[in-house]
Amino acid sequence: MSDLSRLTGVGPKRVKILGEAGISTLRDLVYHLPRRYLDRTRFTPIAELKVGEDAIFVATVASIHVVQTRMMVEVSDATGSVELVFFNGVQFMRGRFKEGMRLSVAGVPSHFRELQMVHPEWEALAEGKEPVGEVLPRYPLTMAMSEAHVAHKFLQQISLEALGGFSFTDPVADIHRGALELLPEAELLRGLHKPAAVAGIPALRRQLKVRELLPLSLKLEAVKRERRRVGKAWPQALALRETLRGALPFTLTAGQSEAVAGISACQAATGQFCGLLMGDVGSGKTVVAMLAAANVIGNGGQAALMAPTEILAAQHFATLTPFLAKAGIRAALLTGDTSKAERDALTADLRAGTLPFVVGTHALYSGDVVFKQLGLAIVDEQHRFGVQQREALAKKGGHPDILYMSATPIPRTLAQTVFGDLETFALRDKPAGRLPVKTRLVGGEKRTDMLGFLVKEALGGNQVFWVVPQIGPSVPSAAKAEADPDIFVPAGRREEDIATVDKVRKELEAFSKEWKVGVVHGKLPAEKKEAALSAFRRGELQALVATTVIEVGVDVPQANLMVIESPDRFGVAQLHQLRGRTGRGTAQAWCFLSLPGKEMPPETYERLAAFSETTDGFAIAELDLKARGAGSLEGTEQSGYGGLRFTDLLEDFALTQEMRKYAEGLADLGTGAPSSSPPTSS
């Protein structure tokens, strides 16, 4: 039997409804906290009521009028009057009001011909009785909860009953509660469910965030200290690095030089280095990683670069091999397509230590891949790998240094950097001559104009990537839905409304017979996919309609046009990656976000508008963080708040830093971190 059933008014039906909302235990219940509060402690004169703002006031009934199913009750005070409107059940309601009655009224005023309140909360005041205000909590509710009358007042009632009638073991140890001046858990939660005043709520919420950040800060500090204990120092191989620099056909940017120096210093220090190299597409992260690998290879170690796709791995290998060869460094490519004979030879060389540099895909963390002395594991586009996959490579060869690379830091990674779990290096400058990609939102009324512009550009030598969200239809067509009423079709999402590979290809070919259009997607056989990409690279195709298979690893410098259909179906980080396929030369590049025909929620449009106004990957990472949450800081989740339900890593940055320093101070004093789990666990 659920503990919830021990609470007043919670029967089997409500237990089930609460469980569907994620409330299965008493601890779940008391941590299902109000999202906001209504301040019903300050009474407002009627003349000062504002449309749309919750208020409470005292007034006298002046008149009562009933028109069919509607009842209007005019109430007034010394400053003015307002009409209370009630629908349905008016005969019953009519008997509850009398002219001259004093009322306490609360609600949100609106305006229809005159100031009014529809279905306000009200209470009759006895002669000589003065109203007593309170702060009312407003909880997150599901539709099922509302229908079962599990409303705000009821949730407050059973939460307070749980806190008063059952004992909870506070997960935060006494030593931390004293040092951080924290209230006992039950007292804190009671204050959040029934605050005495609105003014005290921010301080209570801050304590809630401290409790949430504490175990994570202690754990991440322990991880950082452990890294200092293990691993090997790799002195800077200056001669080999300079040989590689000399092989480059360009001069390093200031950001690249600074990153190389910073990473090299970390590699030379005692302990395991773990860092994140952030930089927009085309900022030169791979070159920095190659020079970091030189420090390891120059001291007899091995380096591995893992990419999420065979296309990207092959591109890295083709890019780096000429420079590595000039420095006398042997490199090899290991992917799922590598033949057994070649794979056996490569893995034997890795075990013997005669192969110093390997580029590969997921194949690198296979059990048969063993290094003699892996000194640096480089993980490119690290958000495309699961946590276990990255750790599998990191565990090979003992405790190698790890360098993650990302064009757009995903929320989980950004969260880690806030806590100082990773050393971070940022490439904010791009090679000389690169222009920012211009991004435009395009509605349906401008689609023909956009097509005309793209055809003209493409026939003049430019090329266009045309990204669609899916290969084929995933919902029934309108005709099928009308023929079979049992087919469920999501509102606004019929086949005719969805951009698919084949539909867009036909549209482009019909619009102009002068340009050649190709397609590429994940279900194409490998040879057909590579044939289409090769034809596009050679300029034989002017437009390439594709799914997100082109997100990484496709480098066509002459393609400076991109259209992204239904951009509302992509996250901003993914939009940034897709846009990064263009703007790789010195010509002006354009990215058009083709908006869907259906109306989008305002917050979605605002997100796309904000994305269109910046090409800064770091600003986009913050947009992504706000939209998706930080992810689990210690687990495998890549989005959602995971262990952080109440802390905003952007707004609460100062508090996260404060908790980081607290954890560092305990570690410096040698104070053992008590066993502590996030307060949201059941």
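Number of Lys-Lys pairs in segment 238-427 under 26 Å by Cα, sequence gap 8 or more or different chains?
The number of close lysine pairs in segment 238-427 is 9.
Normalising by the residue count of segment 42-132, find the relative contact order in percent from Cα pairs under 8 Å and 6+ residues apart.
Details: 192 pairs, mean separation 26.6, N = 91.
Relative contact order for segment 42-132 comes out at 29 percent.
Rounded to the nearest 0.05, what FRET efficiency do Arg70 and Met101 give with R0 = 30 Å and r taken as the Cβ-Cβ distance? Could you check?
On the way: r = 20 Å, r/R0 = 0.66.
Plugging the Cβ-Cβ distance into 1/(1 + (r/R0)^6) gives 0.95.
Checking the a/c ratio against 1.5 first, then a/b against b/c, what shape does the Cα gyration tensor give for segment 1-82? Mind dumping the intermediate values first?
Details: a/c = 3.80, a/b = 2.21, b/c = 1.72.
Here segment 1-82 falls in the prolate category.
Check the straight Cα-Cα distances from Lys153 and name the aspartates and glutamates below 14 Å, setting aside those fewer than 8 residues away within the same chain.
Those aspartates and glutamates meeting the cut-off are Glu121, Glu134, Glu161.
Could you pull out the trypsin sites (Lys or Arg not before Pro) across segment 203-243 that fall in loop regions by DSSP (anything but H, G, I, E, B) with no more than 10 other Cβ atoms inside 10 Å?
Values: sites: Arg205, Arg206, Lys209, Arg211, Lys219, Lys224, Arg225, Arg227, Arg228, Arg229, Lys232, Arg241; in loops: Lys232.
In loop regions of segment 203-243 (DSSP not H, G, I, E or B), there are no sparsely surrounded trypsin sites (Lys or Arg not before Pro).
Nearest 10 degrees, 0 to 90: what angle lies between the long axis of helix 238-247 and the longest principal axis of the chain (Cα atoms)?
80
Rounded to the nearest 500, what is the chain's calculated 222 nm mean residue ellipticity when only DSSP H runs of at least 4 contribute -39500 (n - 2.57) each, over all residues? Write out the running numbers ahead of the final one.
Values: 23 runs with 257 residues, N = 682.
Rounded to the nearest 500, it is -11500 deg cm²/dmol.
Just to confirm the filter: which trypsin sites (Lys or Arg not before Pro) across segment 1-97 are DSSP coil and have at most 13 other Cβ within 10 angstrom of their Cβ?
On the way: sites: Arg6, Lys13, Arg14, Lys16, Arg27, Arg35, Arg36, Arg40, Arg42, Lys50, Arg70, Arg94, Arg96; in loops: Arg35, Arg42, Lys50, Arg96.
Those satisfying the criteria are Arg35, Arg42, Lys50, Arg96.
Given the options Phe87, Ala106, Thr60, identify the residue whose Cα lies farthest towards the positive end of the charge dipole of segment 42-132 (+1 on Cβ of Lys, Arg; -1 on Cβ of Asp, Glu).
Phe87
In nm, to one decimal, how far is the modelled label at Ala239 from the one at Val85, with both set 7 Å along Cα→Cβ?
The answer from the label model is 8.7 nm.
Count neighbours as other Cβ atoms within 10 Å of each site's Cβ, and list the GluC sites (Glu not before Pro) in segment 91-179 that are DSSP loop with at most 11 such neighbours. Let's see the in-between values first.
Numbers: sites: Glu99, Glu114, Glu121, Glu123, Glu127, Glu134, Glu147, Glu161; in loops: Glu99, Glu127.
Answer in residue order: Glu99, Glu127.
Within 10 Å, at most 13 other Cβ atoms, and a DSSP state outside H, G, I, E, B define an exposed site. Report the longest part of the chain free of exposed chymotrypsin sites (Phe, Trp or Tyr not before Pro). Walk me through the intermediate numbers first.
Numbers: sites that count: Phe250, Phe488.
Of all site-free stretches, the longest is 1-249.
Using the number of other C-beta atoms within 10 angstrom as an exposure proxy, rank Leu334, Leu595 with the fewest first. Mind dumping the intermediate values first?
Working: Leu334 24, Leu595 21.
Ranking Leu334, Leu595 by Cβ neighbours within 10 Å, fewest first, gives Leu595, Leu334.
For segment 238-427, what is the relative contact order in percent, using Cα pairs closer than 8 Å and at least 6 residues apart in sequence?
Values: 316 pairs, mean separation 60.7, N = 190.
Dividing the mean separation by the residue count of segment 238-427 yields 32 percent.
Over segment 104-157, what relative contact order in percent results from Cα pairs under 8 Å that are six or more residues apart? Before the final figure, lay out the partial values.
On the way: 35 pairs, mean separation 13.2, N = 54.
RCO, segment 104-157: 24 percent.
Once the other residues with Cβ under 14 Å from the Cβ of Gln558 are scored (Lys, Arg +1; Asp, Glu -1), what is the net sum? Walk me through the numbers before you get to the answer.
Numbers: positive: Arg537, Arg538, Arg581, Arg584; negative: Glu457, Glu540, Asp555.
Local net charge: +1.
Would you work out if segment 238-427 is rounded, prolate or oblate? Take a ≥ b ≥ c from the square roots of the eigenvalues of the alpha-carbon gyration tensor; rounded if a/c is under 1.5, else prolate when a/b is larger than b/c, oblate otherwise. Show your work: numbers first, answer last.
Working: a/c = 1.43, a/b = 1.16, b/c = 1.23.
Rounded shape, in that the Cα axes give a/c under 1.5.
Whole angstrom only: what separates the Cα centroid of segment 536-584 from the Cα centroid of segment 115-142?
Centre-to-centre (Cα) distance: 56 Å.
Give me a comma-separated list of calculated 3J(HN,Hα) values for segment 119-126, in order, Karplus coefficients 6.51, -1.76, 1.60 applied at θ = phi - 60°, integers in Hz, x for any Gly or Pro.
Coupling constants for segment 119-126: 6, x, 7, 8, 8, 6, 9, 5 Hz.
Given the pairs Lys446/Lys513; Lys13/Lys194; Lys456/Lys513; Lys219/Lys661, which span a C-alpha to C-alpha distance of over 18 angstrom in this model?
Working: Lys446/Lys513 21 Å; Lys13/Lys194 26 Å; Lys456/Lys513 12 Å; Lys219/Lys661 13 Å.
Beyond 18 Å: Lys446/Lys513; Lys13/Lys194.
Return the subset of Lys503/Lys529; Lys224/Lys626; Lys503/Lys528; Lys16/Lys209 for which the Cα-Cα distance in this structure is over 21 Å, preserving the input order. Before the final figure, lay out each step's value.
On the way: Lys503/Lys529 18 Å; Lys224/Lys626 26 Å; Lys503/Lys528 19 Å; Lys16/Lys209 29 Å.
Beyond 21 Å between Cα atoms: Lys224/Lys626; Lys16/Lys209.
Output ³J(HN,Hα) for segment 201-212: one whole-Hz value per residue in order, computed from phi by the Karplus curve 6.51 cos²θ - 1.76 cosθ + 1.60 with θ = phi - 60°, and x for Gly and Pro.
These are the phi-based 3J(HN,Hα) values: 5, x, 5, 5, 5, 5, 4, 4, 5, 4, 4, 6 Hz.
Would you grab the residues whose amide H sits under 5 Å from the one on Asn560? Only those 5+ places off in sequence or on another chain, please, with H modelled 1.01 Å from N.
Here Gln463 satisfy the definition.
Of the listed values (i) 17, 49, 28, 5, 1, 0; (ii) 18, 55, 26, 2; (iii) 14, 37, 33, 13, 2, identify the label whose number matches P(r) over Cα pairs in 20 Å bins from 0, in percent calculated from this model.
Given (i) 17, 49, 28, 5, 1, 0; (ii) 18, 55, 26, 2; (iii) 14, 37, 33, 13, 2, the calculated one carries the label (iii).
Step through the residues of segment 573-588 one at a time and calculate ³J(HN,Hα) from phi using the Karplus curve (6.51 cos²θ - 1.76 cosθ + 1.60, θ = phi - 60°), rounding each to whole Hz and writing x for Gly and Pro.
5, 5, 4, 5, 4, 5, 4, x, 5, 9, x, 9, x, 9, 7, 5
Mind jotting down the distance between the C-alpha centroids of segment 1-57 and segment 262-276, whole Å?
Comparing the Cα centres of segment 262-276 and segment 1-57, I get a distance of 50 Å.
Each reported figure results from applying straightforward, stated rules to the coordinates on display, with no laboratory input. Keep in mind the model is a prediction, meaning the values are calculated, not measured. Every residue, glycine as well, gets a Cβ built from its backbone with ideal geometry; the counts of neighbours run over all protein chains shown.
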